[in-house]
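Participant: One structure, as structure tokens, below. Some questions next.
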Amino acid sequence: MPHDGSGPTTRANWSPYDNNGGTVLAVAGEDYVVCAADTRMSTGYNILTRDYKKIDQMSDKCVLASAGFMADAVTLKKTLKARCTTYEFQNDKPMGCVSFAQMLSNTLYYRRFFPYYTFNIVAGLDAEGKGAVFTYDAVGSYERTNYSCQGSGQGLIMPVLDNQLKTVSPLVLPAQSSATPLSESEAVDLVKDCFATAGERDIYTGDTVEIWIINKDGVRKEYQELKLD
Amino acid sequence: MIPTRVSHNPIIGPGVVPFGVDPAYDAQYKLNQAPRSHVASHGQGKPFTVEPGPHQRTQYPYVTGTTVLGCKYKDGVMIACDTLCCYGSTKRYKSVERIKKVNSSTIISFTGELSDFHYIVSLLEELDTTDYCEDDGSELAPWEIHSYLCRVMYNRRNKFDPLWNSLVVAGVKHGRTFLGTVGMIGQHYEDSHLAAGFGNHMARPLFREKHTDDMSEEDARKLMEDCLRACLMRDKTMMNKFQIAKVTAGGLEISEPFQVPMNWGYEKFKDPTKHAVGAW
Amino acid sequence: MADNFLSKVRHELRYASRTFLLGVRKGVFTKSNVDAMEAVKQGGATVGCKSKEYVVLATLKRAASELSSSQQKIFRADDGIGVAISGLTADGTAAIRALRQDCTSHSFTFQSQVEVCRLAGRIADKWQVVCSQRSGSRPSGVGLLIAGRDMRGCHLYQVCPSGNLYDHVAAAIGARSQASKTYLEKFQVQMDNFSLQDLILLALRALKEATSEPLTKETCTVAVVGVEIPFRVLNEDELSSPLAKLTTDTQ
């Protein structure tokens, strides 16, 4: 086998990235936030496992959901979790959601030229107890919104959310709260509908949806079954 | 803490030696600009040997093993693979023990490059030696070893110098049964059954159809043999000489090599074109 | 080569002789282990005891003056590990930082909590080698009680500045801790089956032995960890009931 590159290039090749699919979604309310993700992990046309949790709790009232390349996502979460722990030791209080959002952005941008191939949503309650959703691109651009969806089912779910949760225009004065007017249970129902829809059409979304609900009482989890195909 | 001079030191980090941790390493590093190759210490007292020469990274595997299967059952977990390592498409090494014991509760197997696996085993041996030297009766749990290997594989991927393997880690400890895998770029998962390599296509559908977590050892073994047979009939780099290893709360056992009954004499195999006109 | 070696030896000798002169009792910046051990004995008493399922740490809080607040003496290192210190608080916080770093990096690599004995062993090794054998560094003037749970149960370790490491069922360090130890020895056997409330009370009673002043919410801190419960420092409400029982003892 010639190794100078002149021979037929039928040998194995590799890429440092893979897309393991999955959809993550979050909706913020006046005093709650709902964050959801499916639990399928795929590569190409293979399903690797049906039980890969994409949402992790980072601090007291803040969760991070990541789709994309799972090894990057796991490393990113471990790094951030360790920083949150250190922050808590140094400041004697858990890191707030808004601070965490900024830290995630910094961490992603730090790897600007060898990015974490992850699509992230941060969901939590801010200092006033209001629901907050932060949505990112892979290299750290982010904004605070009141709902967002990322990952393989983004194209299917985002229009539904846009239709159901119209944001108040920033041009309206005096400024109005743009938190979704839905109640907590209505928001959870909407999230479930969204995933049922995406699971129907997107092969990378399926198996189970894990739904985290954060409000002043703490953190709660719900599960919804999706199709296995 | 005090950096002991092994490559798995918690400060040094798996597979990576940052500047300032080991003066001897730093001196060598300075002399040779960059680490040309990473050789595990084998207890020689240095975390890595830094050798001069042109910088090379793994671009493709040379000697490779294929499919490894694993599944949990009522009393524990078992993994199975053949004993073949191929050089390209040549069936080159036919009696390679591809399942290794890591410690008293953990076994590991691999697909992909044999030499990279040897390197990984040497890292794990260092870990186990540390446990032995501590002499406090404590050993790493299977899930800890899995997590460690995820870091190793991911760190090497970050250096664009991957270890060309998929690894399967299995074990039982503290009443918990563990079965997990990690790939060459660090992607990993745990499941009640899994397959690394070509078996992902051939064996997992069979597992999904028939596997349950509470199946008996006999049933699990029979299912495993069915899966091995399915892989063997489609994968040209597989051989009818297998080993099955199992771990239970009572300990671990790696079987002697054995064969699965095969039959290539089916009527439809004799003249394949007869029943598939125009197929080839 | 030989020359270098000799000069190194000479340097060490010179340093050792100087230390001899510097080694003044109660002096803080000293090179002698004996003095470091002495520093531990001057800190406020710290008590620890464990049953099969729980470990309790209790410390006396002392304010440096009427105008200052008391210094923190119990720290969380990980979900299942806590540390109480006695001696020089500044040395203590440095040790805590090292322990916390060790816990965090272990869980980053292995996705699990470090074994308590390994954690305690590593800080003891560090103190033995780095802080008491090398020129240019002095022993740490603080004693540690490390309480924790892991897959193998509950543990209580004591680390001395000299690098000695002890595995205890109950221990006391700091000023007048001998009285606490004597008290704890009486319960050596029963302690194993104590409930959490009993164990807290036992720790407080032992702590009481080491001080002439009454124990109140302001003068003591208690922390617990157990097989089922993560490490935490008890708040004032939780302290009030065992402290009330303590006062009925004395009457």
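Throughout, read-outs are computed from the coordinates displayed, never taken from laboratory work. These numbers come from a predicted model, not from an experiment. We place every Cβ from the backbone using ideal geometry, glycine too, and count neighbours over all the protein chains shown.
Participant: List the cysteines in chain A whose Cβ has no other cysteine Cβ under 4.7 Å from it.
Facilitator: So, A:Cys35, A:Cys84, A:Cys149, A:Cys194.
Participant: Just need the relative contact order of the stretch B:63-254 here, percent rounded to a whole number, with Cα pairs under 8 Å and 6+ apart.
Facilitator: Working: 407 pairs, mean separation 61.8, N = 192.
So the answer I get is 32 percent.
Participant: Using 18 Å as the Cα-Cα cut-off, could you pick out the over-long pairs in B:Lys91/B:Lys236; C:Lys41/C:Lys181; C:Lys50/C:Lys186; A:Lys166/A:Lys227; A:Lys61/A:Lys216; C:Lys50/C:Lys126?
Facilitator: With Cα atoms farther than 18 Å apart: A:Lys166/A:Lys227; C:Lys50/C:Lys126.
Participant: For the stretch A:35-91, what's the relative contact order in percent, using C-alpha pairs closer than 8 Å and at least 6 residues apart? Intermediate results must be reported in sequence, preceding the final value.
Facilitator: On the way: 52 pairs, mean separation 13.5, N = 57.
Value for the stretch A:35-91: 24 percent.
Participant: Points 7 angstrom from Cα along the Cβ direction at C:Ser135 and B:His174: gap in nanometres?
Facilitator: Label-label distance for C:Ser135 and B:His174, simple model: 4.6 nm.
Participant: Among A:Tyr32, C:Ala98, C:Tyr183, which residue has its Cα furthest toward the positive end of the charge dipole of the protein assembly as shown, with +1 on Lys/Arg Cβ and -1 on Asp/Glu Cβ?
Facilitator: Ranked along the dipole, the leading option is C:Ala98.
Participant: Right, here's the next one. Rounded to the nearest 0.05, what FRET efficiency is calculated for A:Val172 and B:Asp214 with R0 set to 45 Å and r the Cβ-Cβ distance? Could you put the intermediate results ahead of the total?
Facilitator: Values: r = 60 Å, r/R0 = 1.33.
Once the sixth-power term is evaluated, E becomes 0.15.
Participant: OK, next. How far apart, in nm, are two points set 7 Å out from the Cα along the Cα-to-Cβ line at A:Ser15 and at C:Ala64?
Facilitator: Modelled inter-label distance: 6.0 nm.
Participant: Could you tell me which of rounded, prolate or oblate describes the stretch A:23-225, using a ≥ b ≥ c as the square roots of the eigenvalues of the alpha-carbon gyration tensor, with rounded for a/c under 1.5 and, failing that, prolate when a/b is larger than b/c and oblate otherwise?
Facilitator: Numbers: a/c = 1.44, a/b = 1.03, b/c = 1.40.
It comes out rounded by the Cα gyration axes.
Participant: If you don't mind, another one. How high is the FRET efficiency between C:Ala179 and B:Glu134 when r is their beta carbon distance and R₀ equals 35 Å, given to the nearest 0.05?
Facilitator: Working: r = 35 Å, r/R0 = 1.01.
The formula returns an efficiency of 0.50 here.
Participant: Also, quick follow-up: About the Cα centre of chain C, what is the dipole size in debye to 20, counting +1 per Lys and Arg Cβ and -1 per Asp and Glu Cβ, all else neutral?
Facilitator: Numbers: 31 positive and 25 negative charges, 197 e Å.
In total the dipole reaches around 940 debye.
Participant: With the dipole of the stretch B:63-254 worked out from charges on the C-beta (+1 for Lys and Arg, -1 for Asp and Glu) around the Cα centre, which of B:Ile107, B:Cys150, B:Leu223 lies farthest toward the positive end?
Facilitator: B:Leu223
Participant: Given the options A:Ser152, A:Ser15, A:Ser59, which has the most mean-square fluctuation in a GNM of chain A, springs set between C-alpha atoms less than 10 angstrom apart?
Facilitator: Residue with maximal mean-square fluctuation among A:Ser152, A:Ser15, A:Ser59: A:Ser15.
Participant: With runs of 4+ DSSP H residues as the only contributors, calculate the mean residue ellipticity of the protein assembly as shown at 222 nm using -39,500 (n - 2.57) per run, divided by the residue total and rounded to the nearest 500. The partial results should precede the final answer.
Facilitator: On the way: 18 runs with 248 residues, N = 760.
Rounded to the nearest 500, it is -10500 deg cm²/dmol.
Participant: Something else: Calculate, for C:Asp125 and B:Trp264, the FRET efficiency according to 1/(1 + (r/R0)^6) with r their C-beta to C-beta distance and R0 51 Å; round to the nearest 0.05.
Facilitator: Numbers: r = 62 Å, r/R0 = 1.21.
For R0 = 51 Å, the calculated efficiency reads 0.25.
Participant: Then there is this: Need one number: nm distance between label points at A:Asp31 and A:Asp229, each 7 Å from Cα along Cα→Cβ, rounded to one decimal.
Facilitator: Going by the 7 Å Cα→Cβ label model, 4.4 nm.
Participant: With the Cα gyration tensor of the stretch B:63-254 giving a ≥ b ≥ c as the square roots of its eigenvalues, does the rule (a/c under 1.5 for rounded; else a/b larger than b/c for prolate; else oblate) give rounded, prolate or oblate?
Facilitator: Working: a/c = 1.64, a/b = 1.10, b/c = 1.49.
Oblate, since a/c reaches 1.5 and b/c is not below a/b.
Participant: Quick check for me: using +1 on Lys/Arg Cβ and -1 on Asp/Glu Cβ, what's the dipole size of chain A about its Cα centre, in debye to the nearest 20?
Facilitator: Working: 22 positive and 28 negative charges, 128 e Å.
My answer is approximately 620 debye.
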